[in-house]
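The values are calculated or read from the model by the stated rules, or taken from the named source; none is laboratory data. Just so it is clear, the structure is predicted and the values come from calculations on it, not from any experiment. As a convention, Cβ positions derive from the backbone with ideal geometry for all residues, glycine included, and neighbour counts pool all protein chains shown.
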Ligand SMILES: [Zn+2]
């Protein structure tokens, strides 16, 4: 599956040439803020002398999902990319504008719903356009780091594209606690990359605007296992998985049947039984109490950390698998 005849090619991004054996930080200029400050996407390229696959590690497509940004920052600072072969392109923060505004979006638009983008479009559309034309152009596959949106905390998990054997295999090598196949979302980076023949796996861990040390450790360990698998780094750097990965085959959101104060009685990642009470929703005066009951046995892989919830809101993501 991965036995492609990888060539040792020069990487060209925004007129910068990074030959075999070279590393470089490139700043891809997108636009100026109204204050005149230029906004640039930082792109690190590590190109080994020996040929091998070219892998993109990116985070911050959603500007407030800072855990992924920190995962790549840690990997850069620990000097993990002294490669033996192949090439790694690291984009630690794609949506610089959203990051500055503590926002998922860029001026109200989701970059991950703006692909393939246009160079004359909105800022989100332009970020998408330059990403595909200048960065994604150089890669064989990608790991895209995300977290849960709002206050929903995702237990470390990898999503791969339904029907993609390469994606499934990459998820297995990454070996997060949970993994599952998910459909391609219209105008997303994963869908556009897939159209261009670039399989993408999405790591989800933690929640927006928060660091999550456990999720970060899993996100780093998974990437190191992928790099070690291809002989790009010393295999001693990649921690062996401490448990079996569970592949989820059926998933369902458990939603709030009423509004009120929300208290969970389980931990994210827990195994639960059908009919188990996993949380309470009470009114603010302690007069009513509603139990949240699981519809089937399985694993909780996302928990809403919002203490006050409204009717219909997603509380837990529950999945079954082995
Ligand atoms: Zn995201």
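Counting only strands (runs of 3 or more DSSP E) wholly contained in the stretch 255-304, the ones carrying 2 or more residues that are out of contact with any helix residue (DSSP H, G or I) (no Cβ under 7 Å at 6 or more places or on another chain) and more than 22 Å from residue 150 (Cβ to Cβ) occupy 289-293. Regarding the stretch 90-112, can at least one residue be identified that is farther than 30 Å from residue 307 by Cβ, outside any helix (DSSP H, G or I), more than 16 Å from the ligand (Cβ to nearest atom) and touching a residue at least 60 places away in the same chain (Cβ under 8 Å)? No, every residue in the stretch 90-112 fails to be farther than 30 Å from residue 307 by Cβ, outside any helix (DSSP H, G or I), more than 16 Å from the ligand (Cβ to nearest atom) and touching a residue at least 60 places away in the same chain (Cβ under 8 Å). Looking at 313, 273, just one residue is at pLDDT 95 or above, over 28 Å from residue 209 (Cβ atoms) and not assigned by TED's automatic domain parsing to the domain that holds residue 215, and that residue is 273.
All of (1) without any contact (Cβ under 8 Å) to a residue 60 or more places away in the chain; (2) in the same structural domain as residue 131 (by TED's automatic domain parsing); (3) away from the ligand (no atom under 16 Å from the Cβ) hold for residue 5 with one exception: (2). Looking only at the stretch 284-322, residues that are surrounded by fewer than 22 Cβ atoms within 10 Å (Cβ to Cβ) and closer than 17 Å to residue 207 by Cα come to 7 in all.
Results for (1) within 23 Å of the chain's Cα centre (by Cα); (2) closer than 25 Å to residue 85 by Cβ; (3) in the same structural domain as residue 198 (by TED's automatic domain parsing); (4) not in a loop (DSSP other than H, G, I, E, B), shown as yes or no for each residue.
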residue: 27; (1), (2), (3), (4): yes, no, yes, yes
residue: 31; (1), (2), (3), (4): no, no, yes, yes
residue: 43; (1), (2), (3), (4): yes, yes, yes, yes
residue: 55; (1), (2), (3), (4): yes, yes, yes, yes
residue: 58; (1), (2), (3), (4): yes, yes, yes, yes
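Annotation for the stretch 63-73: no member residue is in contact (Cβ under 8 Å) with a residue 40 or more places away in the chain and surrounded by fewer than 19 Cβ atoms within 10 Å (Cβ to Cβ).
The set of residues in the stretch 113-142 that are over 19 Å from residue 199 (Cβ atoms), away from the ligand (no atom under 14 Å from the Cβ) and outside any helix (DSSP H, G or I) comprises 117, 118, 119, 120, 121, 122.
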